[in-house]
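The structure under discussion appears below in the form of structure tokens.
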Amino acid sequence: NQPLVAQPGEAMLYSTGSSHLLSAILTKATGIDSKSFAQQYLTSPLGFSMSYWSQDPQGIYFGGNNLEMTARQMLAFGELYLNNGQAAGNQIIPRQWIESSLQPHAESPRGQGRYYGYGWWLRGLAGLQVPVAWGYGGQLIFVIKELDLVVVATSDSRPSAGRRDHLRQLYNLVEQLIVESLESARIASN
């Protein structure tokens, strides 16, 4: 019953509520809760189990936040996208979905040259368009297919006045110390 901010397709507005609505739809469509679904079809095939995940008052798991993952679990998820949906020789997520979700579908209002795919922010880093899973407070997964690389960053998720500067420093670190260096080495070797 929420009012529309803009007509569908006119403007990009990120909303965690949309992801939560998707969790409710998934629960209704499959007949099992989102956490059990994710455990069965995603995390178990990746070799880990889900721990805590918040629920709303109706018992629906939060679709867009509060999924607590370790850095190794984040890495496994990023590698799944790096490997076109495959893990341990099994197709966990359809390749077509991986490709589509990492494509720009909307221009981000968060800065020029930034886009949004399906659950992934797409950001220019060192001349490459890099998909980034961006979690609250600076939990980040960078998937850099050109370099066959996944970079994970975890941060203190408590809000603070320096949070924007902290995120900027994380992006700069990944871009300047990792991506630029590896991209230069890749170009030089060709």
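The values are calculated or read from the model by the stated rules, or taken from the named source; none is laboratory data. None of the values given here were measured: they were computed from a predicted structure. Neighbour counts run over all protein chains shown; Cβ positions are idealised from the backbone, glycine included. Heads up: the accessible areas ignore ligands, DNA and RNA and are worked out on the full protein's heavy atoms, side chains in. Shrake-Rupley method; radii C 1.70, N 1.55, O 1.52, S 1.80 Å.
Write down the accessible area per residue of the chain in Å², having rolled a 1.4 Å probe over the full set of protein chains. Write down the numbers at each step before the final one.
Numbers: 11760 Å² over 190 residues.
Per-residue value: 62 Å².
Compared with the direct C-alpha span, the chain from residue 41 to residue 169 gains 42.6 nm at full extension, assuming 0.36 nm per residue.
Given a 1.4 Å probe and every protein chain left where it sits, what share in percent of the accessible area of the chain is carbon and sulfur? Don't skip to the end; give the middle numbers.
Details: 6030 of 11760 Å².
Answer for the chain is 51 percent, counting heavy atoms of protein chains only.
Where does each of 43, 16, 154 land when they are ordered by accessible area, with a 1.4 Å probe and the largest first?
Numbers: 43 10, 16 45, 154 85 Å².
Ranking 43, 16, 154 by accessible area, largest first, yields 154, 16, 43.
For Cα Rg over 2.2 N^0.38 Å, computed directly from the structure shown, the correct entry in (i) 1.18; (ii) 1.01; (iii) 1.07 is (iii).
For 41, 115, 171, the ranking by accessible surface with the largest value first comes to 41, 115, 171, using a 1.4 Å probe. Ordered from largest to smallest accessible area (heavy atoms of protein chains, 1.4 Å probe), the residues 164, 110 come out as 164, 110.
Grab the DSSP H runs of the chain that are 4 residues or longer, score each as -39,500 (n - 2.57), total them, divide by all residues and round the 222 nm result to the nearest 500 deg cm²/dmol. It lands at -9000 deg cm²/dmol.
Distance between the modelled labels on residue 99 and residue 5, one decimal in nanometres: 3.2 nm (7 Å Cα→Cβ projection).
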